[in-house]
Amino acid sequence: MDRDTLKKALSLAFGSLALLSFVFSAGCASGGGYTKVPRTSAGVSHSVELGTIVHVRKVNIEGESSNLGVVSGVGAGAAVGRTVGRGDGSLIAGAAGAVIGGIAGTKIEKAMTAKLAQEVTIESDDGGTMVVVQELQDPEFREGDRVAILETNAGWTRIRHYDEGDQFY
């Protein structure tokens, strides 16, 4: 393979990866507003407990990997690889590009779907202590904040800032 062909193939590969990154990031935009609640909370009853935050630290929620990243990466990698060489060389380069693209697509998807979060330690008013990991929201939770702890019968828990005007019956 000559130098110009290699430059062209690498340029196409990086361009394809940049396109994949854009596609995944467009689907992952989050409003971050405090009025956003998880889909799993809709139509589900919650028990409510009040507490005070005693410790907060930022963490990352690992991204997800689905077939979308693999398939997109394989397609882009194969297309880029086939531009290298001629005949059987083009087929071999296409196959190698597909493998590399599949691996890259998976890694890009995991990176694009990862979420910033907070691990929040709460001392409830009844004296118990619990830790909740929740996607980062605005406003962020801070030590000393009063929170409402909402828990479903299935064990899913989320927290929100407590407002003195909240009415829990």
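The values are calculated or read from the model by the stated rules, or taken from the named source; none is laboratory data. Because the structure is predicted, anything quoted here is derived from the model rather than measured. When we count neighbours, we look across all protein chains shown, and the Cβ atoms used for this are built from the backbone with ideal geometry, even at glycine. For accessibility, only protein heavy atoms count, side chains too; no ligands or nucleic acids. Shrake-Rupley method; radii C 1.70, N 1.55, O 1.52, S 1.80 Å.
General observations
- Unique match (being assigned to a strand (DSSP E or B), of a type in the set (D, E, K, R), open to solvent by 10 Å² or more (accessible area, probe 1.4 Å) and more than 18 Å from Arg142 (Cβ to Cβ)) among Glu64, Glu49: Glu49
- Among residues that are open to solvent by 60 Å² or more (accessible area, probe 1.4 Å), within 30 Å of Met130 (Cβ to Cβ), assigned to a strand (DSSP E or B) and modelled with pLDDT of 75 or more, Lys58 is included.
- Test: residue in the stretch 88-109 that is β-branched (Val, Ile, Thr), within 28 Å of Glu64 (Cα to Cα), surrounded by 14 or more Cβ atoms within 10 Å (Cβ to Cβ) and at pLDDT 90 or above: no
- Every residue from the stretch 30-55 that is modelled with pLDDT of 80 or more and of a type in the set (Val, Ile, Thr): Val48, Thr52, Ile53, Val54
- Selection of the stretch 76-87 for residues being open to solvent by 20 Å² or more (accessible area, probe 1.4 Å) and within 28 Å of the chain's Cα centre (by Cα) yields Ala76, Ala78, Ala79.
- Selection count, the stretch 104-153, where residues are without any contact (Cβ under 8 Å) to a residue 40 or more places away in the chain, touching a Ser or Thr at 6+ places or on another chain (Cβ under 9 Å) and either within 30 Å of Val80 (Cβ to Cβ) or not in a strand (DSSP E or B) (or both): 1
- Looking only at the stretch 122-163, and only at residues there that are of a type in the set (S, T, N, Q) and buried (at least 17 other Cβ atoms within 10 Å of the Cβ), the one that is farthest from the chain's Cα centre (by Cα): Thr157
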